[in-house]
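Please treat every number below as a calculation from the coordinates, not as lab data. Please read all numbers here as calculations on a predicted model, not as lab measurements. Cβ placement follows ideal geometry from the backbone for every residue including glycine, while neighbour counts extend to all protein chains displayed.
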Amino acid sequence: MKQIFSLSAFIFLLFAVTTIAQPVKKHGKLSVKGTQLVDKHKDITVLNGVSYGWHNFWPRFYNKESVKWLATDWKCSAVRAAMGIDPKSGYMEKPDWSKEKMEAVIQGAIESNIYVLIDWHSHTLKPDAAKVFFAEMAQKYGKNPHVIYELYNEPVKDTWQQVKDYSIELIKTIRAIDPDNIILVGSPHWDQDIHLVADDPILGFSNIMYTCHFYAGTHGKFLRDRCDYAIKKGIPVFISESAGMEASGNGPINYTEWQNWIDWCSANNVSLISWSVSDKNETCSMLKTTASSEGNWKEEDLKESGIKTRELLRKQAEKEK
Ligand code: MG
């Protein structure tokens, strides 16, 4: 009896392991072809997932176990680790601790075989510190197909020329070490002025994409029009942060406009990352304070945006099969 039990347990385990999607195993090394992200077979690939909140405010979620949960239960093909730079306990104040938190998520993504965005989560330019950090990340992780570098979360006051000059410097730093992993470049004005990028893109490097961020309660058709304009001009667009409520991260969810964005992303094969894995009392935080730091979240641990995002991700993963 015992033997029969262990045999069936083994078969069940084997079944469970083989049916868990492992996006990096399937798609491997990513690259950019025209305006599209493509996989190792040069087939168009779309990443869907969530962003962790600022590591300095919600360090408790930065661990391998939560990544595993997001990969298996939420069916994320990518997660974004958002390293706060300027605030208290950010990278400028605590570089080693910050890297430790980031690397827990990066290692978790590698183990769960999903992609991971290493996000320099800043609103101001810090080129010297950024160069040191990304050189180290490229050195450590540049050979892993899982890793995507995001150079500058959301410029606020910088012009495109300033962001462009900064990005070129950073791209050169990374490319001297890692010739191929995807690099995401920000666009001015909280990642909304992607039309300015389209008129004057960075030339001479491969596997570069540009980020646009939307909060559906604030950003509607005008921002999708800008993205359409950029794509028409040959710009690869990546939505590395987004959500359904107002740009403040608060206020009611605008389900109609959020769905419009989701439909737009599917129609254009644009990757979509939702903000955020955190438990603050605000609409965009997906979790309640009851949620454990290591995943295993029940529906009652999720807030409205968490329930909707999980549902969306599971639906998208189903289409991927
Ligand atoms: Mg590489």
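Mean separation of Cα pairs under 8 Å and 6+ residues apart, divided by the residue count of segment 47-96: what relative contact order is that in percent?
46 percent
Using a Gaussian network model of the chain with C-alpha springs under 10 Å, which one of 251, 186, 53 is most mobile by mean-square fluctuation?
Answer for the Gaussian network model of the chain: 251.
How high is the relative contact order of the chain? Use alpha-carbon pairs under 8 Å, at least six apart in sequence, and give a whole percent.
Computed value for the chain: 18 percent relative contact order.
Taking the DSSP beta bridges in segment 12-138 as the whole, what percent of them are antiparallel, to the nearest 5?
30 percent
Considering the chain as a Gaussian network with a 10 Å cut-off on Cα pairs, which listed residue, 38, 50, 277, attains the greatest mean-square fluctuation?
Result: 38 has the largest fluctuation of those listed.
Evaluate segment 64-133: find the radius of gyration of its Cα atoms, find its Kirkwood radius, and give the ratio Rg to Rh.
Rg/Rh: 1.02.
Can you say what percent of the DSSP beta bridges in segment 45-320, counting only those with both residues inside, are antiparallel? Round to 5.
Rounded to the nearest five, the antiparallel share is 5 percent.
Semi-axes, largest first, in whole Å: what does sqrt of 5 times each Cα gyration tensor eigenvalue give for the chain?
Semi-axis lengths for the chain are 30, 22, 21 Å.
Within the chain, what's the longest run with no GluC sites (Glu not before Pro) in a DSSP loop and at most 16 other beta-carbon atoms within 10 Å? Give the range, please.
94-281
Give the angle, between 0 and 90 degrees and rounded to the nearest 10, that separates the Cα long axis of helix 127-141 from the longest principal axis of the Cα atoms of the chain.
So the inclination is approximately 40 degrees.
Counting only other residues whose beta carbon sits under 9 Å from that of residue 205, what net charge do I get with K and R as +1, D and E as -1?
Charge balance in the 9 Å sphere: +2.
Angle check, please: helix 95-112 long axis (alpha carbons) against the longest principal axis of the chain (alpha carbons), in degrees 0 to 90, nearest 10.
Once rounded, the angle reads 50 degrees.
What number, rounded to the nearest 500 deg cm²/dmol, is the helix-based mean residue ellipticity at 222 nm of the chain, given -39500 (n - 2.57) per DSSP H run of at least four residues and division by all its residues?
-13000 deg cm²/dmol
What number comes out for the charge environment of residue 54, summing +1 per Lys or Arg and -1 per Asp or Glu over other residues with Cβ under 11 Å away?
It works out to a net charge of +1.
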